[in-house]
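Read the structure below first, then the notes.
The values are calculated or read from the model by the stated rules, or taken from the named source; none is laboratory data. Here the structure is a predicted model, which means the values were calculated and not measured. Positions of Cβ are generated from backbone atoms using ideal geometry, with glycine treated the same way; all protein chains shown enter the neighbour counts. All accessible areas refer to the heavy atoms of the entire protein, side chains included, with ligands and DNA or RNA removed. Shrake-Rupley method; radii C 1.70, N 1.55, O 1.52, S 1.80 Å.
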Amino acid sequence: MTALLSSTTTPLHHYEGLNCRLVIEWWGAAGERPVEVRDLTVQEAKSADEVFITSSTRDVQAVTSWDNVAFEHGKVTKHAAEVFEAGWMDNLDP
């Protein structure tokens, strides 16, 4: 099984933030399932089992609905949040 971390293709060009890069880096460093990073169409994204966003204020945040499409707050999203939190704790720079 592959975890697909992606942005949707929008008129506003994708901006990869620091937390997104860290989730990808720490996910791989933890030896987790392979990650494929690529742009998705909105339709592809809406057909996903789980969707989450990363941001500097929310870290890893589950998306539970989008345009009346419901998404599960499932194992991958929860695990991505755990990997992110553990990564921060392991990389504190006092």
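Looking only at residues in the range 51-78 that are within 16 Å of ARG21 (Cα to Cα) and in contact (Cβ under 8 Å) with a residue 40 or more places away in the chain, the one that is farthest from the chain's Cα centre (by Cα) is ASP59. Taking the criterion of being more than 18 Å from GLY28 (Cβ to Cβ) and polar (S, T, N, Q), the residues of the range 54-81 that qualify are SER55, SER56, THR57, GLN61, THR64, SER65, ASN68.
List the strands (runs of 3 or more DSSP E) that sit entirely inside the range 29-94 and contain at least 3 residues that are open to solvent by less than 90 Å² (accessible area, probe 1.4 Å) and in contact with a helix residue (DSSP H, G or I) (Cβ under 6 Å, 6 or more places away or on another chain). So the answer is 59-63. The one condition from (1) at pLDDT below 85; (2) within 14 Å of the chain's Cα centre (by Cα) that HIS13 does not meet is (2).
Each residue in the range 18-64 was checked for being under 18 Å from LYS78 (Cβ atoms), of a type in the set (D, E, K, R) and modelled with pLDDT under 85, and 2 pass.
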